[in-house]
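One structure is given below, encoded as structure tokens.
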Ligand SMILES: Cc1ncc(C[n+]2csc(CCOP(=O)(O)OP(=O)(O)O)c2C)c(N)n1
Ligand SMILES: [Mg+2]
């Protein structure tokens, strides 16, 4: 197994899928000649040419719709939206067309597109470049949503997303492109559904996804070393559909749950996981589940304010301690 | 076009007119629900343009006023009516409704309800055709008011930039629901708006099917020859309200009267009669035959077809048993 950076893993998946199928194309702003804002498509323009590696105008709804139209005829577009904040402009085509066309055509058409976009709050980019939008995407029937926490997932999820016949939104993270991790040397297709126990523990389950998996793991280390509490960490790499069975199974073992999310709390991953806990395993719970979320504000520019708006591993530790009345 | 072709087109337009009028009745009888947008007045547009293309082979996409486009592509009118009745035998298995007729086997790629939504979809279909090296083209029909959406500008820019084989047809019926074009649009003549994208364009009388056909032939030939997109504006008029819930109160009766004098069906009929290629008697028989077909085949098919099964409510949300969901073939 080789160590790759997250961006290299995404790039490798693009390259392999484009080599495998001449109908796989990629498109987005600055992805071709410039190689991509986060280098996810570096070198592909030279290798596959301008017909398949398409530098688009700044027309998010337009080029997303164009990708969807091409997908009706079997083309498999990987659409990069430079920052998830700009995905709002493409929501019409993603929600109104891609997610619904199979259904409203009675199964005659499908839109097997992949839309990838970095979400999350980076460093002092201000309110209009710091959105976390996974919760907006995950509530829509007909659209799969996955969010990789590691280079291996970034690689394997993209590979499966390209081959899958459903539209898939991949929520990446601006701060994670340089994250290193092992990626299988051979081809690897990550499941688009399910969840993964990334640390076993008997006392409490910490649910995370994407960057918050890493906060949960840090918190689990502190809880173990300093408090003798063994946390299980569950990576929700699939946000739509959520892994109801996996969520319930973990909590049936640990009887406590804390959901760690980078986004504001309302109508998000945390509230959805809590609803699942209520529906699936309420009587297994020894303590009320808690959410660790961002503060409900547009992300401020000022560094201290920005930090204060976001959750940290420390907040996760405190939430767990509160569940143990410590 | 010879006399036989013209007679066939006359019949197709009359069929479209009677079909839509029957939809109106079925709506009043509450057999059809939801939004229903009818086509009377505009028949020469879809039928004339597609006559110049290869219906059933070229890819066609449009908005919510879509029944006639689908039928001209080859959709079975019985299935279109069944769709309006919400039946399992409908074009979209009762899941779509009037605004979402799909008939992919005839390359009718659907009716879409978001104004302007199909502009980029058509460009994408054209991109796929170009990538695959196929000789079919994409044809997108939308209204005048749709041209005020961002998607119009975004898609036309990309279609021109990448020289995509797509024909955009603007059915300019002068209104977007109740707002007349000069109250919503700075440049009223729509074909002028595309010069900013360096796309060749023409404006023709959308009530005269022979003119529509002639203009569309040129447009289609341009697009098919690989020279990139083309924009065709057709000046037309819808006779009924925007949808069934619209009374047309915003339109002057005099304006409606003027347009009704230029009815696409009557104009072609009279021309054929004058040329001695059709008799009044033949026309009446044609009409009676159409009405009988609709009453005896189309409506009963829709009436008698089964409803979709509630147990299948969740079908078609996602692909069935896609192996890649689980990481590939096992
Ligand atoms: C995005 C969006 N905005 C508004 C509407 C409501 N609406 C439906 S049709 C229509 C007018 C469109 O007029 P035009 O494009 O000229 O087509 P026509 O109905 O005249 O054929 C409007 C405003 C809609 N369906 N979608
Ligand atoms: Mg109009």
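Could you work out the Kirkwood radius for segment B:78-229, taking every pair of different alpha carbons, averaging 1/r and inverting it, reported in Å?
The answer is 16.5 Å.
How do A:36-44, B:181-189 rank on mean C-beta neighbours within 10 Å, highest first?
Ranking, from highest mean packing down: A:36-44, B:181-189.
Can you run the Rg to Rh ratio on segment B:3-303? Use alpha carbon positions and the Kirkwood inverse-distance Rh.
On the way: Rg = 18.3 Å, Rh = 19.3 Å.
Result for segment B:3-303 is an Rg/Rh of 0.95.
Residues of B:91-104, mean number of Cβ from any other protein chain within 10 Å of their own Cβ, rounded to a whole number?
4
What value does the protein assembly as shown have for Rg/Rh, both radii from Cα atoms and Rh as Kirkwood defines it?
Value, to two decimals: 1.04.
Can you pull the three principal axis extents for the Cα set of segment B:181-246, in Å, largest first?
Sorted largest first, the three principal extents are 43, 28, 18 Å.
In what sequence do B:45, A:281, B:23 fall when counting other Cβ within 10 Å, fewest first?
A:281, B:23, B:45
Diagonalise the Cα gyration tensor of segment B:116-170 and give the resulting equivalent ellipsoid semi-axes, square root of 5 times each eigenvalue, largest first, whole Å.
Largest first, segment B:116-170 gives 20, 11, 8 Å.
What is the ratio of the Cα radius of gyration of segment B:67-124 to 2.2 N^0.38 Å, where N is its residue count, to two decimals?
On the way: Rg = 11.0 Å, N = 58, 2.2 N^0.38 = 10.3 Å.
Working it through for segment B:67-124, the quotient is 1.07.
Compute the helix-to-body angle for A:211-227: its Cα long axis versus the longest principal axis of chain A, expressed 0 to 90° and rounded to tens.
20
In degrees from 0 to 90, rounded to the nearest 10, what is the angle of the helix A:6-20 Cα long axis to the longest principal axis of chain A?
40
For segment B:182-330, report the translational diffusion coefficient in µm²/s to the nearest whole number, using Stokes-Einstein at 37 °C, 0.692 mPa s, and a Kirkwood Rh over Cα pairs.
The diffusion coefficient I find is 155 µm²/s.
Working from the pairwise distances between different alpha carbons, so that the mean of 1/r is found and then inverted, what is segment A:196-325's Kirkwood radius in Å?
Its Kirkwood hydrodynamic radius stands at 14.5 Å.
Please compute, for peptide A:156-162, the average count of beta-carbon atoms on other protein chains lying within 10 Å of each residue's beta-carbon. Mind showing how you got there, number by number?
Values: counts 2, 1, 0, 3, 7, 2, 1.
Going residue by residue through A:156-162 and averaging, the value is 2.
Bin width 10 Å, alpha-carbon pairs only: give the P(r) of segment B:23-86 as whole percents, running from 0 to the bin holding the largest distance.
20, 51, 24, 4
Which value results when the Cα radius of gyration for segment B:138-204 is divided by 2.2 N^0.38 Å?
In units of the globular-protein estimate, segment B:138-204 measures up at 1.08.
Under the Kirkwood approximation for Rh and a Cα-based Rg, what ratio Rg/Rh is obtained for segment A:93-174?
1.03
From the convex hull of the Cα coordinates of segment A:137-256, what is the mean projected area in square nanometres?
Result: 8.1 nm².
How large is the Kirkwood hydrodynamic radius of segment A:2-183, in angstrom, based on all distinct alpha carbon pairs?
16.0
Every number here is computed from the coordinates shown, using simple stated rules; none is lab data. Here the structure is a predicted model, which means the values were calculated and not measured. Cβ coordinates were reconstructed from backbone atoms using ideal geometry, including for glycine residues, and neighbour counts include every protein chain displayed.
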